[in-house]
Amino acid sequence: MLPYIRRYLFIYLSFFVLIKLSSAYANPVPGQKLLAYWRFEQVQHLNGELSQSIKGNPLTADDRKPTEPQPFVYDDSGNGNFLQVRGSKSSPNVFSDDVPSSETAGKPNQRSLTLKWTGECVLTMDRPLAYADIQKSWKIEASLLCNQLALEQVFICKEGLKGNLAADVSIGYDPMLKRYFVEVMCADGKARRVPAGSAVMAGKWYDICADAVYDEEHDLTTLKISVKASGAKNFEKPATIVVKGITMQHHAAMWVVGHGYPGGFPNSLQVDGGGIDEVKIWGEALPRKVGQNPLFTDAFTADPTALVCGDSVYAYVGHDAASVGGWFNMPEWLCYSSTDMKHWKAHGSILKAQDFVNANSTAAWAAQVVKKGNKYYFYVTLDGKKGHFITVAVGNSPTGPFKEAMPGKPLITDDMTNDSHRPNADIDPTVLIDDDGTPWMFWGNGDCYMVKLNQNMVELDGPITKIPFRNYSEGPWVFKRNGLYYNVYAADAPGVQAEQICYSTATKITGPWVYGGLVTGPAKYGFTIHPAVIAFKNKWYFFYHDGSYALDGTPGGDCRRSVCLEYLDFYQNGQIKPVALTVQGINSVKQK
């Protein structure tokens, strides 16, 4: 009887939520913010000035970047979410004076955007909307013109995760039903399409409003779409469904005007000879909960390392200070501490790249802190005029102050690993003090090296050895559990451009090592991922970084990352269970 009870309970709750929320949809949902508004009336120039868009002319680009005279569609929301051409040449889409109405909200409406075959406009990954959390509720409004009624077309979409065959959300035209639709990728991994309105007529403008509201208490989303002929007073009867879970999963992605997802030959659901105008995107984030990802919200952080000291954990992270869309700029290491892994105290900057002799001031790369005796040893990666090097600073407490142990005398320099197949081989140190007190250090980019350290922790005590690891890229983290050694590392797995996390195990630290497989796939956004693993209060934890999160409304990115945390579990034979990278983190996921 239980399956039937669950089924009837779901139907009852769905009906309850539908009745509860449907009356609110006539007005904006409380808490929603206008994130983007594309009227197509004005273009934003490279110098920040505005001018009216020119009828019959396209957005312009050259050498894979926007260029004058019409580089961007201006965002009237004031949030800087401009549209541009993707690629190295101007778009076939042109501004038009064919508009759904001559006035909108008391303002003249003189321009729309004509959508032509192979044309597109995109909101790129250096814009805030690409990272916006709109899981609690969202709304998309647009005026659409369809001329090819026998062709399936998508007018606007938010791109989905790689491997998905549908976008996170799409607004388009269905030729079999001859109606406009909203399609969403649901929490169960299935795309659901909801059509609405009367049969579409070619060459006629229609207003579309699609929205979704998530009821966290019942874990249900109500999705609705309404359609009316432009100029009509009221929308036709809306179409509504209720689905389990959230319909806008959080990950960073571009928004595309002109075709669907995934794009490209042979069928990208391209609009052919249609038009679009008055696009508004609203959204509301779920309330942040203690312990959810990202862990730290006062700075962009990356390359996590963690140290257990009695009843506390100290997390050390590189500070990503790159500008929006910029390259790596990491001037310092920040420290945070916690007694429960959910509530974190910020200790601020505790060590800077400029504190080391011969180091560039913006190259505070991956590090690890270990304790031996009453001292804390901060092993760091740095960059200088002669290449990368690894050195160590020493302090008397986990929060420092730390001072370079042997100024100007690094532990490892690039000329010590001439057999590496990558020029920047000497990065990302990880140190394990074995049960017999022997300290070992692993490191490397492209190739993994190991060496025994002296008991003073600041000098080498043996030859450097290259250790072969399958798919090895960088960022090793070596630890020991139940007599078994683990190396968890960033991996260049075949066929996947972004790094993933793999691991290998050994019964002796010197090997032989046995490949264990993937721990997790790539970060939701960004080409790097960096692991750290600790045991704390009888639970195991997996740290990593992810570029898909915004900070105070500003975009994340490849070089503007955020440190995250998940539980780590093991099978009885010691193998690591796959880890899912989540927004919830350790907030709601219980370790098995």
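Where a number appears in this text, it was derived from the coordinates with a stated rule and is not lab data. Everything numeric here is computed off the predicted structure, so don't read it as measured data. All Cβ positions, even for glycine, are placed from backbone atoms using ideal geometry, and neighbour counts span all protein chains on display.
Quick rundown of the values:
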| quantity | calculated |
| --- | --- |
| In degrees, nearest ten, helix 2-22 long axis to first principal axis of the chain (Cα) | 60 |
| Equivalent ellipsoid semi-axes, the stretch 42-119, via Cα gyration tensor eigenvalues times 5, rooted, Å | 21, 16, 10 |
| Two-site FRET efficiency, Ser361 against Asp126, from Cβ-Cβ distance with R₀ of 25 Å, rounded to 0.05 | 0.55 |
| Pair-distance profile P(r), taking every C-alpha pair of the stretch 331-445, with 5 angstrom steps and integer % | 2, 11, 21, 23, 20, 13, 7, 3, 1 |
| Inter-site label distance for His421 and Leu165 at 7 Å from Cα along Cβ, in nm | 3.6 |
| The stretch 301-587 - convex hull of alpha carbons, volume per residue in Å³ | 128 |
| Cα→Cβ-extended label distance, 7 Å offset, between Asn147 and Glu236, nm | 2.3 |
| The stretch 458-588: radius of gyration over Cα atoms, expressed as a fraction of 2.2 N^0.38 Å | 1.12 |
| Contour minus Cα-Cα distance for Asn454 and Lys403 (0.36 nm per residue) | 16.5 nm |
| Ser102-Arg192 FRET efficiency (beta carbon distance; Förster radius 30 Å; 0.05 resolution) | 0.25 |
| Trypsin sites (Lys or Arg not before Pro) restricted to DSSP loop in the stretch 326-401 with at most 15 other C-beta within 10 Å | Lys342, Lys385, Lys386 |
| Relative contact order (percent, whole number), the stretch 301-587, Cα cutoff 8 Å, 6+ residue spacing | 14 |
| Mean separation of Cα contacts under 8 Å, 6 or more apart, over the residue count of the chain: relative contact order % | 11 |
| Debye equation applied to the C-alpha atoms of the stretch 72-156, log10 I(q)/I(0) at 0.20 Å⁻¹ | -1.26 |
| Cα-based Rg and Dmax for the stretch 266-416, where Dmax is the largest Cα-Cα distance (Å) | 21.0, 73 |
| The stretch 384-467 - Kirkwood radius from inverse mean 1/r over Cα pairs (Å) | 13.5 |
| Linear extension gain, Arg481 paired with Glu217, 0.36 nm per residue minus alpha-carbon span | 91.1 nm |
| Quarter of the Cα convex hull surface for the stretch 225-276, i.e. its orientation-mean projected area (nm²) | 6.2 |
| Cut-off 18 Å (backbone N to label point 7 Å along Cα→Cβ of Ser323), residues of the stretch 79-121 | 80-82 |
| Highest-first arrangement of 165-171, 548-554, where packing means the average Cβ count within 10 Å | 165-171, 548-554 |
| Scaled radius of gyration (Cα, divided by 2.2 N^0.38 Å) that the stretch 177-311 gives | 1.41 |
| Set of lysines with alpha-carbon distance to Lys178 below 28 Å, sequence-local pairs under 8 removed | Lys116, Lys139, Lys158, Lys190, Lys204, Lys224, Lys228, Lys233, Lys237, Lys244, Lys280 |
| Kirkwood hydrodynamic radius (C-alpha pairs) into Stokes-Einstein, the stretch 301-363, 37 °C and 0.692 mPa s, D in µm²/s | 260 |
| MRE, 222 nm, helices only [DSSP H, n ≥ 4, -39500 (n - 2.57), over the chain, to nearest 500] | -1000 deg cm²/dmol |
| Residues of type lysines that Lys480 reaches as a straight line, Cα spacing below 17 Å, ignoring anything fewer than 8 places off in the same chain | Lys371, Lys372, Lys452, Lys508, Lys537, Lys539, Lys577 |
| Stokes-Einstein D in µm²/s, Kirkwood radius over Cα pairs - the chain at 25 °C with 0.890 mPa s viscosity | 94 |
| Positive dipole terminus of the chain, leading residue within Val213, Phe296, Leu35 (C-beta point charges) | Val213 |
| Inverse mean reciprocal Cα-Cα distance (Kirkwood Rh) of the stretch 93-138, Å | 13.5 |
| Chain lengthening between Thr507 and Glu49 when straightened (0.36 nm per residue, less Cα-Cα) | 158.4 nm |
| Rg to Rh, two decimals, where the stretch 54-205 supplies the alpha carbon set and Rh follows Kirkwood | 0.96 |
| Student exercise, the chain dipole from Lys, Arg, Asp, Glu Cβ charges, in Debye to nearest 20 | 1400 |
